[in-house]
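In what follows, a structure is listed as structure tokens, so that the remarks can point back to it.
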Amino acid sequence: MDPIRRAALAAPLAAALAFASPAVHAQWKPTKPVTIIVPWAAGGATDQITRLAAAELEPALGQKIVVVNQPGGAGSIGTKSAMEAPRDGYTWTAGAAKQLGTYPLLGMLNSKVDDFHLFLSVTNVSIVAVNPSTPYQTLPQLIDAMKARPISVATAGNSSSGHFAMETIAKATGAKYRHVTYDGGNPAVVATVAGEAEVTTQLAVEMAEMLKGKRLRPLAVVADTPLTIEGFGTIPPITDFVKDFPKVTSGFGIFIPKGVPAEVVATVEKLWAEKIATSERIRAYATQRGALFTPLSGKAAYDAVWPTVVSDAFLLQDAGMAKVTPESIGIRR
């Protein structure tokens, strides 16, 4: 079973045990608005789910949550801002948790997954989709063309979910591509619709509306099971065409830098179990846009994310993109 799915199933028991612990912290009552830095452009996967989660948490916290988009550096610039903010509990960040562990490999940011308290809400998968004006009707047709010449692929940048999906495809098939990068998944998808790139491998949640409007043609979901998007239909898995394809998933959520007061973490963990894990709005969002509803926090979240950090780290090394070895920063196969 996939680590994220397994952890999600175990989450209710883990939460119950955590709240039964004798180490009870006072409830945190923020006295001013909380800021969540979304290190990607508006409209992308991180922006979408962060705004939904913020809306669920606001009433319980009794303070407004301000979502600020600070794109750049494949998410590292906004993440760095959160790390450098005062550790008073009022500045959080968000995104794909595995990137916290792979930024150092690219020389972008000296961060680790365990520098943060992780609060996951959904797991996202990528789709291989093409501009409808291209001749590619199936994934094998596209792969054959990419073996003959590099084809332009739009993603949210180095180390983004779309980039890792395409790099994994290239490694598994021998496909060649020209990487066209943007400051977020939504701009990459829009650029593909506009014809700036022929292909995008960004996330399903970022493509859903364009798929429904027939402005993108999906060829495969980068997963081992079909993906059904409400209002569109079912997309076949890449494993129908590429055997033994590795898992490429991304757990998304909100991250609070460690070092904040203990009552901040305890309060958010409690609210994550009470508000996010039971949120029908987030569950509906996942169903409608092609994500998995996988609310997790604490150790369960870390255990779900770590295997994806390891696989992505060695993918970067094998692609010749890593500036340091994974082992040098504590990541081992």
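Just so you know, in the stretch 283-314 the residues that are basic (Lys, Arg) and in contact with a helix residue (DSSP H, G or I) (Cβ under 8 Å, 6 or more places away or on another chain) include one that is farthest from LEU120 (Cα to Cα), and it is ARG289.
In this structure, does THR168 turn out to be over 28 Å from ARG281 (Cα atoms), open to solvent by 10 Å² or more (accessible area, probe 1.4 Å) and in a loop (DSSP other than H, G, I, E, B)? Criteria not met by THR168. Scanning the stretch 31-48 for residues that are open to solvent by 10 Å² or more (accessible area, probe 1.4 Å), in contact with a helix residue (DSSP H, G or I) (Cβ under 6 Å, 6 or more places away or on another chain) and part of a loop (DSSP other than H, G, I, E, B) returns TRP40, ALA41, GLY43. Checked against (1) modelled with pLDDT of 95 or more; (2) surrounded by 19 or more Cβ atoms within 10 Å (Cβ to Cβ); (3) closer than 18 Å to PHE164 by Cα, GLY253 passes all but condition (3). Only one entry of TYR177, TYR136 meets the criterion of being modelled with pLDDT of 95 or more, over 19 Å from the mean Cα position of the chain (by Cα) and open to solvent by 20 Å² or more (accessible area, probe 1.4 Å), and that entry is TYR177. Looking only at residues of the stretch 49-75 that are at pLDDT below 95 and assigned to a helix (DSSP H, G or I), we find that the one that is most open to solvent (accessible area, probe 1.4 Å) is GLY73. Evaluate the stretch 229-243: report whether one residue or more is of a type in the set (Asp, Glu) and not in a helix (DSSP H, G or I). Scanning the stretch 229-243, I find at least one residue that is of a type in the set (Asp, Glu) and not in a helix (DSSP H, G or I), so the answer is yes.
Filtering the stretch 64-110 to residues that are without any contact (Cβ under 8 Å) to a residue 24 or more places away in the chain and out of contact with any helix residue (DSSP H, G or I) (no Cβ under 7 Å at 6 or more places or on another chain) leaves GLU84, PRO86. Taken over the stretch 83-104, the criterion of being surrounded by fewer than 24 Cβ atoms within 10 Å (Cβ to Cβ) and among the aliphatic types (A, V, I, L, M) is satisfied by MET83, ALA85. Scanning the stretch 260-284 for residues that are of a type in the set (Ser, Thr, Tyr) and open to solvent by less than 20 Å² (accessible area, probe 1.4 Å) turns up THR267, SER279. Filtering the stretch 295-312 to residues that are part of a helix (DSSP H, G or I), out of contact with any Phe, Trp or Tyr (no Cβ under 6 Å at 6 or more places or on another chain) and buried (at least 24 other Cβ atoms within 10 Å of the Cβ) leaves ALA300, ALA301, ALA304, VAL305, THR308. Of all the criteria given as (1) open to solvent by 10 Å² or more (accessible area, probe 1.4 Å); (2) of a type outside the set (Asp, Glu); (3) at pLDDT 95 or above; (4) under 22 Å from GLY101 (Cα atoms), the one not satisfied by ALA148 is (4). Those strands (runs of 3 or more DSSP E) of the stretch 80-131 in which at least 1 residues are of a type outside the set (Val, Ile, Thr) and farther than 24 Å from MET207 by Cβ, considering only elements entirely within it, cover 91-96, 116-124. What do you reckon, is THR228 surrounded by fewer than 22 Cβ atoms within 10 Å (Cβ to Cβ) and either among the small types (Gly, Ala, Ser) or more than 20 Å from the chain's Cα centre (by Cα) (or both)? Criteria not met by THR228.
The values are calculated or read from the model by the stated rules, or taken from the named source; none is laboratory data. Not measured: the values here are computed from a predicted model. Cβ: placed from backbone, ideal geometry, glycine included. Neighbour counts: every protein chain shown. Areas reflect the complete protein model, heavy atoms only, side chains present, ligands, DNA and RNA absent. Shrake-Rupley method; radii C 1.70, N 1.55, O 1.52, S 1.80 Å.
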